[in-house]
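Only one structure is covered here, and it is reproduced in the block below.
The values are calculated or read from the model by the stated rules, or taken from the named source; none is laboratory data. Just so it is clear, the model here is predicted, and its values are computed rather than measured. Every residue, glycine as well, gets a Cβ built from its backbone with ideal geometry; the counts of neighbours run over all protein chains shown. Accessible surface is based on the protein model in full, side chains and every heavy atom, while ligands, DNA and RNA are left aside. Shrake-Rupley method; radii C 1.70, N 1.55, O 1.52, S 1.80 Å.
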Protein chains: 2
Amino acid sequence: MSGPKKIKPAKKKTSDQRAGGSQKKPTREKILEAAIKMFSDYPYYAASIRMIGKEAEIDHPLVSYYFPTKALLFEEVIKHVTEEYYQANITWFEGLEEQTPERGLSLYIDRFFDFAVKHPKALRIVALNLVQAEGHDVIPGYERVRNFFAKTKQTFKKAIPLQGTADDIEMFTHSFNTLAINYLGASTYYAGILGLAPGSRQYLEWVKKTMIFVFLPPLKQIIIGE
Amino acid sequence: MSGPKKIKPAKKKTSDQRAGGSQKKPTREKILEAAIKMFSDYPYYAASIRMIGKEAEIDHPLVSYYFPTKALLFEEVIKHVTEEYYQANITWFEGLEEQTPERGLSLYIDRFFDFAVKHPKALRIVALNLVQAEGHDVIPGYERVRNFFAKTKQTFKKAIPLQGTADDIEMFTHSFNTLAINYLGASTYYAGILGLAPGSRQYLEWVKKTMIFVFLPPLKQIIIGE
DNA sequence: AGCTAATTTTAACGATCGTTAAAATTAGCT
DNA sequence: AGCTAATTTTAACGATCGTTAAAATTAGCT
């Protein structure tokens with residue numbers, strides 16, 4: 001048996017209770033951060049609890065103390081990362097309804113890029129786990145990625161007034177998001193093919209140009225409604 | 001030390017030398033087939049030599065006898081699968097140069113689907129290994145997937161007379177192929193979101209409609225040349 | 001039939017994995 | 001200060017992994 005006791009003591013210290021700023025991060029957070037790093041650098045089965053413990057600078061059984069199983073830890077990571085993505089995604093639409101399709105798409109992509117630069121690990125984890133094997137023991141948290149992806153469609157519909165059919169909107173959002181996640185979450189791969197540096201401005205410019213080239217026509221169609 | 005001796009005996013039996021048809025498959029082939037199956041159902045680190053041996057109905061050390069390391073076996077699988085895909089891809093363009101963009105794209109997609117239905121494992125393996133982690137020990141055969149993907153651009157350019165700029169063609173092919181591989185190689189995922197059965201006619205129809213919806217406008221642009 | 005090399009089987013290796021038990025230490029409280 | 005519960009460390013577990021060594025069997029040849 002392990003894990004932090006469920007019954008909390010009466011009072012909890014807030015994170016910056018100690019004077020002079022909080023240099024000591026709670027263990028649980030350290031583990032979660034380390035797990036995010038490892039699960040963005042290695043696929044689920046290749047990243048080990050021991051690697052995560054090392055990354056977090058703790059003894060590896062402590063990982064099991066805070067997260068009873070590897071599957072639960074991974075789920076927590078997926079939950080964290082998809083939630084972060086989902087919440088950010090909502091804000092990217094702000095004020096776009098007043099813009100032309102051209103300007104709106106451009107602004108949206110810029111905001112997406114801003115997120116991608118700030119949270120490269122989140123995008124890589126989503127990209128890495130979008131395509132799953134069909135084996136019987138699917139990766140834990142898979143359902144969460146699926147739900148997150150399905151929800152992006154609703155976000156889009158709510159944010160932008162659209163005249164297109166539900167079918168057209170569905171085709172557009174799935175394609176747009178799949179491509180964006182691939183290009184930004186697997187930038188090492190695509191940048192490599194293009195002969196560019198993954199994080200370079202040139203690569204991001206290529207992605208933006210490409211997304212506009214491909215998605216401006218269908219976007220116009222679902223805004224105007226044919 | 002293991003592996004079949006490099007010095008071949010003077011004569012080799014052809015596969016159907018025995019009377020009444022060849023019911024006994026060479027061990028090497030059985031292993032390769034089993035490996036293709038397992039690597040399409042499980043990611044590299046989750047699929048084990050022992051699972052592959054079981055699938056091939058042989059004792060697992062025989063796998064090491066024919067393929068000295070797991071990495072080499074995986075590379076062989078990637079090589080086989082990308083080559084199969086690459087060769088098929090070339091044929092999908094036959095006669096398309098005389099068609100309108102609408103008709104040509106439709107025919108191309110039909111041929112692509114035909115391949116997808118016949119070789120679902122090939123597409124799944126490519127999809128599963130398109131996005132890679134950035135860890136130091138990248139999956140073996142990764143370079144091959146990359147090269148294969150880069151070559152599809154050349155195939156397209158050679159097959160169809162295009163007026164568009166090299167940049168536009170590059171944007172088009174990478175986007176088209178990425179999306180096609182995702183939709184067809186991860187059909188369980190996307191069909192699940194759409195509430196359809198992965199192998200169903202309805203799902204394939206959705207994918208076709210989507211690909212035309214998204215890619216017909218940019219295709220016209222690179223054919224006509226703006 | 002008898003030799004030789006290729007193939008297959010059996011057994012075991014060292015390494016690593018996720019997880020648990022138990023002891024040691026620390027933090028929070030009166 | 002002394003008690004209690006939370007946290008951390010240490011050690012070890014059973015399982016599985018890829019690979020190898022050695023023995024057993026089979027196939028191909030004269």
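All of (1) in contact with a Pro (Cβ under 8 Å, 6 or more places away or on another chain); (2) over 22 Å from B:Y85 (Cβ atoms) hold for B:I193 with one exception: (1). Checked against (1) modelled with pLDDT of 95 or more; (2) over 12 Å from the mean Cα position of the chain (by Cα); (3) open to solvent by 10 Å² or more (accessible area, probe 1.4 Å), A:A35 meets all criteria but (3). Look at region A:65-88: where a residue is closer than 16 Å to A:T27 by Cα and a partner is among the aliphatic types (A, V, I, L, M), sitting 6+ places away or on another chain with Cβ atoms under 6 Å, you get A:Y66/A:I31; A:F67/A:L73; A:L73/A:A35; A:V77/A:A35; A:V77/A:I36. Residues in region A:86-107 that are hydrophobic (A, V, I, L, M, F, W, C) and either out of contact with any helix residue (DSSP H, G or I) (no Cβ under 8 Å at 6 or more places or on another chain) or farther than 22 Å from A:E205 by Cβ (or both): A:I90, A:F93. In the set (1) touching a Phe, Trp or Tyr at 6+ places or on another chain (Cβ under 9 Å); (2) open to solvent by 30 Å² or more (accessible area, probe 1.4 Å); (3) more than 21 Å from A:S187 (Cβ to Cβ); (4) not aromatic (F, W, Y), B:G164 fails one condition alone, (2). In the set (1) over 25 Å from A:Q154 (Cβ atoms); (2) open to solvent by 50 Å² or more (accessible area, probe 1.4 Å), the condition left unmet by B:P218 is number (2).
Within region A:195-205, if we keep just the residues that are assigned to a helix (DSSP H, G or I) and in contact with a helix residue (DSSP H, G or I) (Cβ under 6 Å, 6 or more places away or on another chain), the residue that is least open to solvent (accessible area, probe 1.4 Å) turns out to be A:Y203.
Among what's in region B:66-108 and is outside any helix (DSSP H, G or I) and loosely packed, with under 15 Cβ neighbours inside 10 Å, pick the residue that is farthest from DNA strand D (Cβ to nearest atom).
Checked region B:66-108; the qualifying residue farthest from DNA strand D (Cβ to nearest atom) is B:T100.
Pairing residues of region B:148-177 that are without any contact (Cβ under 8 Å) to a residue 40 or more places away in the chain with residues that are open to solvent by 10 Å² or more (accessible area, probe 1.4 Å) and basic (K, R), at Cβ distances under 6 Å and at least 6 apart in sequence or on separate chains, gives B:T173/B:K153.
Here's the yes/no breakdown for (1) open to solvent by less than 30 Å² (accessible area, probe 1.4 Å); (2) not in a helix (DSSP H, G or I):
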| residue | (1), (2) |
| --- | --- |
| A:N129 | yes, no |
| A:Q132 | yes, yes |
| A:V138 | no, yes |
| A:K153 | no, no |
| A:F172 | yes, no |
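Residues being modelled with pLDDT of 95 or more, under 24 Å from B:I181 (Cα atoms) and among the polar types (S, T, N, Q) are represented in region A:158-173 by at least one member.
For A:I212, indicate whether it is within 10 Å of another protein chain (Cβ to nearest Cβ) and either part of a loop (DSSP other than H, G, I, E, B) or open to solvent by 10 Å² or more (accessible area, probe 1.4 Å) (or both). Yes. Residues that are under 21 Å from A:V138 (Cα atoms) and not hydrophobic (A, V, I, L, M, F, W, C) within region B:45-61 comprise B:Y45, B:S48, B:R50, B:K54, B:E55, listed in sequence order. Considering each residue of region B:55-65, count those that are more than 9 Å from DNA strand D (Cβ to nearest atom) and away from chain A (no Cβ under 14 Å), and give that number. Total meeting the criteria: 3. Within the span defined as region B:150-166, one or more residues are away from DNA strand C (no atom under 16 Å from the Cβ), within 13 Å of the chain's Cα centre (by Cα) and not basic (K, R). Against the conditions (1) more than 14 Å from every other protein chain (Cβ to nearest Cβ); (2) under 27 Å from A:R146 (Cβ atoms); (3) within 10 Å of DNA strand C (Cβ to nearest atom); (4) aliphatic (A, V, I, L, M), A:I78 satisfies every one except (3).
Restricting attention to region A:184-209, the residues that are under 24 Å from B:Q221 (Cβ atoms), more than 9 Å from chain B (Cβ to nearest Cβ) and hydroxyl-bearing (S, T, Y) add up to 1.
Taking region B:38-64 as the region of interest, how many residues are part of a helix (DSSP H, G or I) and surrounded by fewer than 16 Cβ atoms within 10 Å (Cβ to Cβ)? It would help to see each step written out before you state the result.
As a first pass, look at region B:38-64 and keep what is part of a helix (DSSP H, G or I): B:38-41, B:49-56, B:61-64.
Then keep just the ones that are surrounded by fewer than 16 Cβ atoms within 10 Å (Cβ to Cβ); that gives B:50, B:54, B:61.
Count: 3.
Scanning region B:7-32 for residues that are farther than 22 Å from B:T82 by Cβ and at pLDDT 95 or above yields one hit, B:T27.
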